[in-house]
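See structure below.
What follows draws every value from the coordinates through simple rules; no lab data is involved. As the structure is a computational prediction, the values presented were derived from the model and not from experiment. Note that we place each Cβ from the backbone using ideal geometry, even for glycine, and neighbour counts take in every protein chain shown.
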Amino acid sequence: MSSRRYRVIWTETASKDLEEIVAYIAQDSRQQARKVLKQIRGKTATLRSSPSRGRIVPEFLDFDLRSWRELVLSPWRVIYRIEGKLVFVDSVMDGRRDVEDILMRRLLR
């Protein structure tokens, strides 16, 4: 049985999100910042073989946006979408923040 391989693409926004998270954590602990970076990058790499394993973003269900999924690595939420054989990582955010508010501000830019 051959597994389907997907290509994981980080959007500019998601890359910037991760950069900012790591820089913020590094102010207190460079070691912890490296650990978080490795954890998030490692978890998103698993999307190459099984992108559907992430849950549908709960805030998007009311809008029937089921192609958007997320991985939760508490407190971080990695939001992504699957398009054919491509997986776009669109955002990395602190799950303690209001996701709807953050995404709405981004859409209105």
Counting other beta carbons within 10 Å of each residue's own, what order do Asp17, Asp90, Asp62 fall into, fewest first?
Asp62, Asp90, Asp17
Using θ = phi - 60° and the Karplus curve 6.51 cos²θ - 1.76 cosθ + 1.60, what whole-Hz ³J(HN,Hα) does each residue of segment 32-39 get, with Gly and Pro shown as x?
5, 4, 5, 5, 5, 4, 4, 5
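Under 8 Å for C-alpha pairs, at least 6 residues apart: give me the relative contact order for segment 7-107, rounded to a whole percent. Before the final figure, lay out the partial values.
On the way: 122 pairs, mean separation 30.6, N = 101.
It comes to 30 percent, rounded to a whole number.
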Checked segment 28-90 against the a/c 1.5 cut and the a/b vs b/c comparison, axes a ≥ b ≥ c from its Cα gyration tensor; verdict oblate
Collect residues whose amide H, placed 1.01 Å from N in the peptide plane, falls under 5 Å from the amide H of Gly95; neighbours closer than 5 in sequence don't count.
Trp76, Arg77
Out of residues 5 or more away from Val8 or on other chains, whose amide H comes under 5 Å of its own, with H placed 1.01 Å from N in the peptide plane?
Val87
